[in-house]
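First the structure, in the form of structure tokens, and then the observations on it.
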Amino acid sequence: MHRLTKAQARRIAVRAQLLDAPRPTDLLTVVHQLTLLQIDPTAAIAPSADLVTWSRIGPAYQPADLKQAVEQDRTLFEHDALIRPVSDLGLYLAGAADWPSYERSRAWLRDNDRFRRDILAQLRSSGPMTSRDIPDTCVVPWASTGWTNNRNVTQMLEFLMMRGEVAIAGRVGRERVWDLAERVYPADVDIPSVDEADHAKNERRLASLGIARAKGRAMPMEPVHVGEAGEPAVVEGTKGEWRVDPAALGEDFEGRTALLSPFDRLVHDRVRAQELFDFEYTLEMYKPAAKRRWGYFALPVLHGDRLIGKVDAIADRKASVLRVNAIHEDVKFTRTMTKAVQAELDDLASWLGLGAVEPAEGRSAGNRHAVA
């Protein structure tokens, strides 16, 4: 049983997410360590996958690098709204032929087997296609109370992706381009058993998080728990047992300052962020403006091994400025913190191709509303 201080636990988490110094320099190294980049189209500042990568690599990273890795080099692949390294592909094809597990979905697939074969034949003869270019020949429409209702082509493509029959070959803007999996994925993928894949996923996830819980609440996209991966640990001031990556123990730590995407894996588990960093955060883009405390797309601020505040900013591309509506200080910023955050804002504006940073007229401490 490892016994860790909160500072030790935080530093393990920060190092595992490549947010310490010096910065990494290689895109594939970053994605392999993080295990994933989440695709989210919100571009108040930049799409999350790009913002997460910039937070690690800095201005040397360009979005075109990610597009090339996915669509040309095929060293990364997109699957279920996440970009992952191709070296992990087998883990996500394990058990694919038995998908889906829900009987309603299985029945829909059975009833629409001809539709499924039509899509595969269309892709085979025509090559990569967007969903809007594929005819809808379904017999039983997909029924849903949500946005997927009667979106039969998209739903079937999603199912076939999860079954490993089709793959995302690239994107045109935000629109996915689909092709047969055999023409996108390498031919020599090693596919383990489901149990082996689950174990490897937990090990990979723990390596990317550094420290996590064995069990956790269900999360969309990617779990935050790691099962029995790693070794047991307790962290001062927190309840219960953690799992820690033994390879992350005892390493030196050199911190830096970073502006993070709201979807960044360092803060994605809001419970862990509260427990280890004493950091409260909610993505408020779905809240009415009057009910927001920190802003539409507030960026968590990392300084060393602490999360010290949020920056409410937006990229105003027409005016060519990074407009900072407020800087929320969870702790009173020292002069060093202020200079470091300003330097990151300047670097972010430059990376975005904006002419200047337009500063906030005022700041807010703690949870008070900012002065815009």
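Structural remarks
- Restricting attention to region 44-70, the residues being out of contact with any Ser or Thr (no Cβ under 6 Å at 6 or more places or on another chain), part of a helix (DSSP H, G or I) and within 26 Å of D305 (Cα to Cα) number 7.
- Some residue of region 51-70 being under 14 Å from the mean Cα position of the chain (by Cα), within 22 Å of N325 (Cα to Cα) and open to solvent by 10 Å² or more (accessible area, probe 1.4 Å): yes
- Which numbered condition V31 fails, given (1) under 23 Å from S350 (Cα atoms); (2) buried (at least 19 other Cβ atoms within 10 Å of the Cβ); (3) in contact with a strand residue (DSSP E or B) (Cβ under 6 Å, 6 or more places away or on another chain): (1)
- Residues that are touching a strand residue (DSSP E or B) at 6+ places or on another chain (Cβ under 7 Å) and either modelled with pLDDT under 95 or closer than 12 Å to A167 by Cβ (or both), drawn from region 51-75: V70, E71
- In region 11-43, the qualifying residues are those that are touching a Gly at 6+ places or on another chain (Cβ under 9 Å) and either modelled with pLDDT under 95 or in a helix (DSSP H, G or I) (or both), and the one that is farthest from R306 (Cα to Cα) is A16.
- Near pairs, Cβ below 7 angstrom, 6+ apart or cross-chain, from region 40-63 (aromatic (F, W, Y)) to any residue that is assigned to a helix (DSSP H, G or I) and buried (at least 17 other Cβ atoms within 10 Å of the Cβ): W54/W351; Y61/L27; Y61/T53; Y61/W54
- Under the condition of being surrounded by 15 or more Cβ atoms within 10 Å (Cβ to Cβ), without any contact (Cβ under 8 Å) to a residue 40 or more places away in the chain, in a loop (DSSP other than H, G, I, E, B) and of a type outside the set (A, V, I, L, M), the residues counted in region 223-244 number 4.
- Residue in region 318-346 that is least open to solvent (accessible area, probe 1.4 Å), counting only those that are part of a loop (DSSP other than H, G, I, E, B) and more than 18 Å from P59 (Cβ to Cβ): F333
- Screening the candidates G353, G362, G366 for the property of being closer than 20 Å to D316 by Cα and at pLDDT below 95 yields one hit, G362.
- Any hit, region 141-151, residues being crowded, with 16+ Cβ neighbours inside 10 Å and part of a helix (DSSP H, G or I): no
- Only one of R205, R176 that is in a helix (DSSP H, G or I), touching a strand residue (DSSP E or B) at 6+ places or on another chain (Cβ under 8 Å) and within 30 Å of R270 (Cβ to Cβ): R205
- Test: residue in region 168-184 that is closer than 22 Å to L66 by Cα, at pLDDT 95 or above, aromatic (F, W, Y) and surrounded by 18 or more Cβ atoms within 10 Å (Cβ to Cβ): yes
- Members of region 71-100 found to be open to solvent by 30 Å² or more (accessible area, probe 1.4 Å) and under 18 Å from I191 (Cβ atoms), listed by number: R74, D80, V86, S87, Y92, G95, A97, D98, W99
The values are calculated or read from the model by the stated rules, or taken from the named source; none is laboratory data. In this text, all values refer to a predicted model and were calculated from it rather than measured experimentally. Here the Cβ is made from the backbone with ideal geometry for all residues, glycine too, and neighbour counts use every protein chain on show. With ligands, DNA and RNA removed, areas are computed over all heavy atoms of the protein, side chains included. Shrake-Rupley method; radii C 1.70, N 1.55, O 1.52, S 1.80 Å.
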